[in-house]
Each structure stands twice: as structure tokens, then as C-alpha cells.
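The values are calculated or read from the model by the stated rules, or taken from the named source; none is laboratory data. Computed from a predicted model, the values in this text were never measured in an experiment. Positions of Cβ are backbone-derived with ideal geometry, glycine not excepted, and every protein chain shown enters the neighbour counts.
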Amino acid sequence: MATIRPIEGRSVHQIQSGQVISEGLTSVVKELVENGLDAHATSIEVRFKSNGLDAIEVIDNGDGISPENYESIALKHWTSKLTSYADLDSVTTFGFRGEALSSLCALSDLQIVTATASEAPKGTKLEFEMSGKLKSRSVTAAQKGTAVLVENIFKTLPVRRKELERNIKREYTKVLGILQAYAGVCVGVKFSVFNQPAKGRRTPVFATKGNPTVRENVSNVFGAKALSALVPMNLEFEMKPTRKGFQKAAKPSEKMIKIVGFISRPVVGEGRLAPDRQMFFVNGRPCMLPQVARAINEVYKHFNVTQSPFIFADIQLDTNAYDVNVSPDKRTILLHDQAEMMESLKVSLTDLFDNHEQTVPNSVT
Ligand code: ADP
Ligand code: MG
């Protein structure tokens with residue numbers, strides 16, 4: 001009979017890390033970009049090598065990491081952003097679990113170059129052991145900010161690595177989708193994305209200019225022509241207090257919901273063949289909102305049966321009206337009073353489209 005043995009500490013760490021980085025490349029890029037945004041970066045550059053298979057580097061011009069934190073940043077559950085679980089409700093920064101860097105140490109070759117404003121142009125290069133323990137630090141030239149280099153992702157999980165190699169094209173497309181979402185929604189942040197094939201030079205993929213509006217960002221990312229096929233969405237409605245719990249306790253301001261963004265004109269010929277450009281946000285945080293997606297697509301179908309809309313929709317609502325802490329990757333969001341919200345959404349979107357038809361009857365030209 002086989003003896004039951006405890007799993008070796010290192011393996012546990014690897015398995016758990018694989019769960020944090022559950023969405024593969026998308027999770028890696030998302031975590032690193034969010035760290036840059038949390039550090040107040042106004043410029044974020046993402047460099048892929050071989051679509052991310054060989055390397056992913058995220059370079060920001062944010063606050064940098066202070067020397068007193070070097071030892072702890074990659075240790076599990078160390079985070080400068082949260083001290084207790086109770087803080088989760090009010091958390092406004094993107095990252096809050098202190099797991100991304102720790103997981104990347106267990107899954108890849110991680111190297112960080114960082115400099116705070118007072119240190120630049122001198123910076124520090126940091127390397128870590130698989131456990132997240134600091135392995136080495138050395139002085140190097142660096143501008144203010146942080147560059148995180150992730151090489152050979154999933155090298156310690158051979159099955160995941162093989163799977164990634166097999167699906168790299170699709171994974172890379174998904175990653176670009178999420179980067180487009182961040183670049184679109186983050187006003188005042190300059191995004192630039194590059195890819196370098198195994199044999200060849202680094203080439204730009206897309207870039208934004210640090211614009212003051214989402215509109216300009218969308219134009220930079222998807223092109224001025226794409227923008228001209230869109231109508232601005234600016235829906236605002238109140239959830240009716242039909243349910244107990246949150247709604248009963250809610251203050252008036254907590255019941256207001258805004259949906260801000262862009263959507264394809266509700267006219268045949270103005271949509272897209274596939275629902276491939278649909279981005280959703282909650283208070284500026286990119287996330288998956290299948291219910292909202294379904295509701296919007298359903299309304300759009302009434303006006304354009306043959307196509308799917310481009311959707312860029314930021315749902316702005318009180319932080320009490322949803323939970324972020326649903327999935328390990330923080331991308332799935334639980335909206336309270338969802339059914340209610342979807343009904344109101346459909347009504348106001350239908351209104352918007354009806355009015356659009358009346359005011360711009362020849363908008364196709
Ligand atoms: P979390 O973001 O949940 O705190 P991470 O593992 O992503 O956990 O990062 C750990 C810590 O490392 C952060 O709390 C932050 O203090 C520091 N850090 C990570 N990335 C950056 C960055 N790009 N700029 C400045 N500090 C960073
Ligand atoms: Mg983080």
C-alpha cells in the first residue's frame with residue numbers, strides 16, 4: 001500500500017502559484033501592468049519576445065521600490081496594499097493579495113530593475129529564488145520606475161509550459177485584448193506594446209499617447225476609422241429597491257449606476273463580424289462581465305441582426321454594489337442585484353439606440 005506523504009513545500013508553492021496565474025499569459029501581463037498602475041506610472045511599456053513565450057517585460061515610470069522592501073516583495077502574501085482581509089471592501093488599488101511576484105518566482109525566471117525618484121539614474125537589479133527569497137542585488141543604471149522581466153514562464157510546470165507553447169498564438173491574442181482594454185481605459189497613461197519574434201526585430205504593436213480622454217485612447221488603439229463607427233454610451237439609471245440586503249441599506253448615491261463608453265452604431269453594416277472587441281470594466285478595472293455582455297448584445301441584436309457590436313463599457317457604481325474577491329485572478333466580479341441591473345440597462349440602452357435612429361437616420365454615410 002502506498003504511504004501518504006505530505007507534499008513537499010516547494011511543490012505546494014508551485015501548484016498554488018499556477019492557480020494565481022490561472023489564465024496564463026493574460027494573468028501575468030495583467031498583474032504586472034496593474035502593479036505599474038498602482039505605483040502611479042504614467043507610462044507603461046510592454047515588450048514581448050516570441051509572443052511572450054520567451055519573455056514578457058513590463059517597464060513603468062512609477063514610484064519604484066524602496067530598498068527596505070527588496071527582501072519582502074516576492075514573499076507570499078506580502079503586500080504593501082492591504083493589512084487585513086477587512087480592508088478588501090474599500091480597496092481601490094488593483095493588486096491586493098501580494099501573490100503575483102511570489103507566484104512568478106515559482107514559475108519563471110524573474111528579474112526586477114527598480115529605482116525611486118531619489119535614486120535615479122542609479123537603480124538596483126534584483127533576482128530571486130524560487131521561494132521568493134531575494135537571491136542577489138546589484139547596482140545598475142536605471143530611470144525612475146520599475147522594469148519586471150519574466151522569462152520562461154511555466155518552466156517549473158512542464159505540462160502548463162507545453163500547453164502554452166501549443167496555444168501561444170491564441171494566448172497572445174487574448175493578452176493583446178486585455179492590454180487594449182487597459183490602454184483604452186487608463187487616461188493619462190501612455191501605453192506602448194512591442195513584440196519581437198524569435199528571429200527578427202522588435203516591432204511596435206500599438207501605442208497610446210497619454211491622452212486625457214478614453215475617446216482618444218480608443219482612437220489610438222483601434223484607429224480613427226474604428227472610432228467613427230461608434231456611438232458614445234452614457235447611460236445612467238437607478239436600481240429599484242426591490243430586494244432586501246444591500247438595496248435596503250443603500251444610500252441614494254449607492255443606487256446610481258452609470259455605463260460609460262462606446263458601442264457600434266445600431267445600424268446594419270456598422271457592427272463587426274464576430275464579438276471580438278468587447279471590453280468591460282467596473283470602475284475602470286477590466287473584468288469579465290458575461291451578464292452585462294449578454295444584455296448589451298441582446299439589445300444590439302434588435303437593431304442589427306447580422307453583426308456583433310464593438311463594446312467598450314465601464315460600469316461605474318458604488319464599491320458596495322459588487323465584490324471583486326470572487327476569483328483568484330480578480331477578473332470575475334460579482335454584481336449584487338444583477339437581474340435588476342440588467343433590466344434597467346436594457347431599457348436605457350434601447351432608449352439610446354431609439355434616439356440614435358431618430359437623430360441620425362443617415363448615419364451610415
Ligand atoms: P500586490 O500587488 O498584491 O501587493 P504583488 O506580488 O503584485 O502584490 O507585488 C508585491 C509588492 O511589490 C507590491 O505591494 C508593491 O509594493 C511592490 N511592487 C510590485 N510591482 C511594483 C512596481 N511596478 N512598482 C512599484 N512597486 C511594485
Ligand atoms: Mg500586484
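Within region 139-160, the set of residues being more than 19 Å from ILE44 (Cα to Cα) and touching a residue at least 12 places away in the same chain (Cβ under 8 Å) comprises VAL139, THR140, ASN152, ILE153, PHE154, LYS155, THR156, LEU157, ARG160. Is it true that THR116 is among the hydroxyl-bearing types (Ser, Thr, Tyr), more than 19 Å from GLU23 (Cβ to Cβ) and without any contact (Cβ under 8 Å) to a residue 60 or more places away in the chain? Taking the combined requirement at face value, the residue satisfies it. For region 6-27, the condition of being farther than 18 Å from VAL159 by Cα and at pLDDT 65 or above holds for none of the residues. Can you name every residue in region 189-233 that is loosely packed, with under 11 Cβ neighbours inside 10 Å and touching a Gly at 6+ places or on another chain (Cβ under 7 Å)? Hit for region 189-233 is PRO212, nothing else.
Residues in region 32-52 that are polar (S, T, N, Q) and within 7 Å of ligand 1 (Cβ to nearest atom): ASN35 alone.
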